[in-house]
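Data first, discussion second: the structure below is written as structure tokens.
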Amino acid sequence: MRTVDEPRGVRTCAVAIFLLTFSATAFAAEPARWTIDYGASKLGFTAEQAEAKFDGSFGKFDADVRFDPAALGDSRAEVSIDTASVATANRDRDGILRGDGWFESPKFPNARFVAKEFVKTNDGFEARGDLTIRTTSVPVKFTFTVAQTGNRIELNGKAELDRLAFGLGTGEWADPKAIGTKVTVVVKLVGTR
């Protein structure tokens, strides 16, 4: 003999199964996080001082990359950069970059890039997102290629930035003849996925 509440219970059970199935499908759609080999990877940049180019890098960064060329809509990435780890082979310049008017590393220890969208391009891919330095966020386009050999994957890319858009090096440093305004960020990530 059936009770009046049984159909509702059956419906509730069916809804629960549907939600669990949907949740599992949605979770499975997200690409797996890459395991980054930081020893083989590099986050560098090229800038200009007194109209002469110089190279620099950040010795410490953390990249949470979940990118799959076959699942661009589900891919995502977030990179946290330890600004105090900046190195340009010039101790005085490194100190200036960590200090007031620049990264202000003691107060703002990390810069952060969050990719919001990935698109296919003629030469590879483009990640579109926001780069935040101190309290200023600026939209950034990061172009890159990905090559995979067996289980090893390598990403190479770059982004063109304007330091003044982030409020870096204002005042006496705002003159582009002293410090160029354009900065090219170059990234190499090596790992597995």
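Bear in mind that the values in this text are calculations on the coordinates, not laboratory data. Source: prediction; values computed, not measured. Because the Cβ atoms are built from the backbone with ideal geometry, glycine has one as well, and the counts that use them run over all protein chains shown.
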Report, in listed order, any pair from Lys42/Lys158; Lys53/Lys107; Lys116/Lys141; Lys53/Lys182 with a Cα-Cα distance greater than 18 Å. Lys53/Lys107
Relative contact order (percent, whole number), segment 69-134, Cα cutoff 8 Å, 6+ residue spacing: 34 percent
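Within a 10 angstrom radius of the beta carbon, how do Asp62, Asp100, Asp82 rank from fewest other beta carbons to most?
Details: Asp62 13, Asp100 10, Asp82 17.
So the residues, fewest neighbours to most, are Asp100, Asp62, Asp82.
Give me the percent relative contact order of segment 31-192, please, defined on Cα pairs under 8 angstrom at least 6 residues apart.
Values: 364 pairs, mean separation 42.1, N = 162.
Worked out over segment 31-192, it gives 26 percent.
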Excluding same-chain residues fewer than 8 positions from Lys188, which aspartates and glutamates have a Cα within less than 17 Å of its Cα? Asp37, Asp55, Asp62, Asp64, Asp68, Glu78, Asp82, Asp123, Glu126, Glu154, Glu160
